[in-house]
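A.B. asks: A single structure is presented below for examination.
Read the figures in this text as sums done on the coordinates, not as results from a lab. Small disclaimer: the values here were computed from a predicted structure and weren't measured. Cβ placement follows ideal geometry from the backbone for every residue including glycine, while neighbour counts extend to all protein chains displayed.
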Amino acid sequence: MRETLIGEQIRRANRNLLVMSVLLMAGVLALLALNTRYLLNAVQGPRSISRAELTSLTSPDVFRNWVTVRGEETKSTGVTQVMRRKSKYTGTVTSESTNAYYLATRVGNRVLLVKSPHESAATTFTGELQEVPEELASQLSVKPGSPVLPFMLNADRYPDLAYGMLVVAFPAFAFGLWNVARWRMHSVDPTGHPIARKLAEHGDLETVVNGMDHEFRTSHRRIGDILLTTSWMLKPTTFGLTALAMRDVIWVYKKVTQHKTNFIPTHKSFAVVIRSRSGLILEFSANDRQTDELLQQAQLQVPWAILGFDKQLEQQWLRDKNGFIAAVDVRREEYYQWARAQGQPAS
């Protein structure tokens, strides 16, 4: 199997799975590495910082920056952070709400600015040490030599994002590891790959694969990314392969979709829709010329199939799919009889 068309498709899909998995795990590790300080602070919890250490700091750039501060007196600065919602049509403000209050708490002979989600006279706050925004520093005269410390404490919910990151990161990394294990397993035994398992539904796997490979090497046609052999229609996907036996084709038609932006037509997209014996509906996207080529090729290879779309056919399919398929089977048998009478191959 390894040196056949299907073997090549399995290797391609398996390689893509490995690349995706490695990139996913690398992305998770990069995310954790870039946020190491934040995550460790969130996991370890806030530390109590002494008055002496706090007032000796010249910037908030310390590793354990999620801290609990105990001040002596707290007053409002009168500065708030207001969220305004505007109409996207008129640009006018439709509502506004205060989502943060800037407080000043005295710590020894210095003053620490505290950004709090609510107005408070408390003297103990827990939050992240941060730089003071320039606009706020200008409003409150935060400058060298002033009693106001050159940083502030953001007392908003600090660890929420960290928990979200960890909830996403660990399952994502585990998913990547699981897929690496699948890559290894399918590299050793390609018969266990989903592509091979799906083809095994059509009969003995080795017979199906070798027959498909023989058809491919004898005669095949490519239309876009779709590969056609005498008996199969194949379309590679990122991690697999859509394989449709031509004998299972029941109904084929072209689908045209008009796309609009702000009710103005912008472009059209095209696809060939194939309804199969199992009831599966496959849609192969292509450009206008390629969809016409696919329809012509389907007419040549499965002349007994129903070609073209109308609402009546759709209603028949929905109302009595088995009857629809039976009618196509009668058409196929009639075609075979005609072909044999003409001395033509009936397959």
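A.B. asks: Loop only by DSSP, 15 or fewer other Cβ within 10 Å of the Cβ. Give me the chymotrypsin sites (Phe, Trp or Tyr not before Pro) in the range 42-142 that pass, ordered by residue number.
C.D. replies: Sparse-neighbourhood loop chymotrypsin sites (Phe, Trp or Tyr not before Pro): 63, 89.
A.B. asks: A follow-up question, please. Return the single residue from 72, 206, 135 with maximal mean-square fluctuation; model: Gaussian network over the chain, springs between Cα atoms under 10 Å.
C.D. replies: In the Gaussian network model the winner is 135.
A.B. asks: Roughly what would the spin-label model give for residue 207 and residue 23, points 7 Å off Cα along C-beta, in nm?
C.D. replies: Each label point is offset 7 Å from its Cα along the Cβ direction, giving 4.1 nm.
A.B. asks: Now, a different point. Using R₀ = 35 Å, calculate the FRET efficiency as 1/(1 + (r/R₀)^6) where r is the Cβ-Cβ separation of residue 110 and residue 81; round to 0.05.
C.D. replies: Computed FRET efficiency for residue 110 and residue 81 comes out at 0.90.
A.B. asks: What would the Debye formula give as log10 I(q)/I(0) at q = 0.13, 0.14, 0.21 Å⁻¹ for the alpha-carbon point model of the range 205-324, no solvent?
C.D. replies: -0.58, -0.66, -1.25
A.B. asks: ³J(HN,Hα) across the range 113-123 via Karplus (A = 6.51, B = -1.76, C = 1.60, θ = phi - 60°), whole Hz, x for Gly/Pro?
C.D. replies: With the stated coefficients, the range 113-123 comes to 7, 10, 8, 10, x, 8, 6, 8, 10, 5, 10 Hz.
A.B. asks: Identify the trypsin sites (Lys or Arg not before Pro) of the range 44-99 meeting these criteria: DSSP loop state and at most 15 other C-beta atoms within 10 Å of the C-beta.
C.D. replies: For trypsin sites (Lys or Arg not before Pro) across the range 44-99 that sit outside H, G, I, E and B with at most 15 neighbouring Cβ atoms in 10 Å, the list reads 64, 88.
A.B. asks: Mind checking the full-extension length gain between residue 70 and residue 120? Use 0.36 nm per residue of separation minus the Cα-Cα distance, one decimal, nm.
C.D. replies: In short, 16.6 nm is gained.
A.B. asks: How many angstrom separate the Cα center of the range 1-66 from the Cα center of the range 288-347?
C.D. replies: Going from one Cα centre to the other spans 54 Å.
A.B. asks: Still on this structure: Please give the calculated 222 nm ellipticity per residue for the chain, where each DSSP H segment of at least 4 residues contributes -39500 (n - 2.57) and the sum is spread over every residue; nearest 500 deg cm²/dmol?
C.D. replies: -13500 deg cm²/dmol
A.B. asks: Tabulate in residue order the Karplus-calculated ³J(HN,Hα) for the range 125-137, using 6.51 cos²θ - 1.76 cosθ + 1.60 with θ = phi - 60°, rounded to whole Hz; enter x for Gly and Pro.
C.D. replies: So the Karplus estimates, Gly and Pro as x, are 9, 10, x, 9, 6, 9, 5, 7, x, 4, 4, 5, 4 Hz.
A.B. asks: Using the Kyte-Doolittle scale, find the helices of the chain whose mean hydropathy is at least -1.0 and whose Cα atoms extend 27 Å or more along the helix's long axis, counting only whole DSSP H runs.
C.D. replies: Passing helices, by number: 5-34, 160-188, 321-341.
A.B. asks: Once all Cα-Cα distances of the range 20-158 are split into 5 Å bins that start at 0, what whole-number percent is in each one?
C.D. replies: Per 5 Å bin, starting at zero, the Cα-Cα P(r) for the range 20-158 comes out as 2, 9, 16, 18, 16, 12, 9, 8, 6, 3, 1, 0 percent.
A.B. asks: What is the calculated FRET efficiency for residue 47 to residue 175, with r their C-beta to C-beta distance and R₀ = 41 Å, to the nearest 0.05?
C.D. replies: Step by step, r from the Cβ atoms, then E = 0.75.
A.B. asks: Once the other residues with Cβ under 14 Å from the Cβ of residue 20 are scored (Lys, Arg +1; Asp, Glu -1), what is the net sum?
C.D. replies: Combined, the nearby Lys, Arg, Asp and Glu give +3.
A.B. asks: Pop out the Kirkwood hydrodynamic radius of the range 127-273 from its pairwise C-alpha distances, inverse of mean 1/r, in Å to one decimal.
C.D. replies: Final number for the Kirkwood radius of the range 127-273 is 22.3 Å.
A.B. asks: On a C-alpha basis, how far is the centre of the range 105-124 from the centre of the range 198-217 in Å? Whole number, if you could?
C.D. replies: The range 105-124 and the range 198-217 have Cα centres spaced 75 Å from each other.
A.B. asks: Related question: Could you give me the percent of Cα pairs per 10 Å distance bin for the chain, shortest bin first, beginning at zero and ending with the bin that holds the maximum distance?
C.D. replies: Percent of Cα pairs in each bin: 5, 16, 17, 14, 12, 11, 12, 9, 4, 1, 0.
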